[in-house]
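Below: the structure, in structure tokens.
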Amino acid sequence: MTTYLEAIRTTLAEAMRGDPRVLVLGEDVAEGGPWGATAGLAEEFGAERVRNTPISEAAICGIAPSYLP
């Protein structure tokens, strides 16, 4: 049986493998997230694509357009 967290982690990794433009931004995501939903992503995809952000929703929303081509 696949857990909800495993499904999230697997889906994020598949999306990141399939498209180099996919990023994960959020609080503590580079360390695996609060419940481990992003565990291993920083090691596989690097710090440029899995980025910790400040605890500020406005900053998280503001940083995303800077990554767009």
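The values are calculated or read from the model by the stated rules, or taken from the named source; none is laboratory data. These figures come from a predicted structure and were not determined experimentally. Reconstructed Cβ throughout: ideal geometry from the backbone, glycine too, with neighbour counts over all protein chains shown. Please note that ligands, DNA and RNA were not included when accessible areas were found on the heavy atoms of the full protein model with its side chains. Shrake-Rupley method; radii C 1.70, N 1.55, O 1.52, S 1.80 Å.
Overview of results
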quantity	calculated
Matching residues, the stretch 1-26, being touching a strand residue (DSSP E or B) at 6+ places or on another chain (Cβ under 8 Å) and in a loop (DSSP other than H, G, I, E, B)	23
Residue list for the stretch 11-55, filter: open to solvent by less than 40 Å² (accessible area, probe 1.4 Å) and hydroxyl-bearing (Ser, Thr, Tyr)	38, 53
From the options 46, 32, 18, residue that is at positive phi and at pLDDT 95 or above	46
Residue in the stretch 27-34 that is aliphatic (A, V, I, L, M) and not in a helix (DSSP H, G or I) present	no
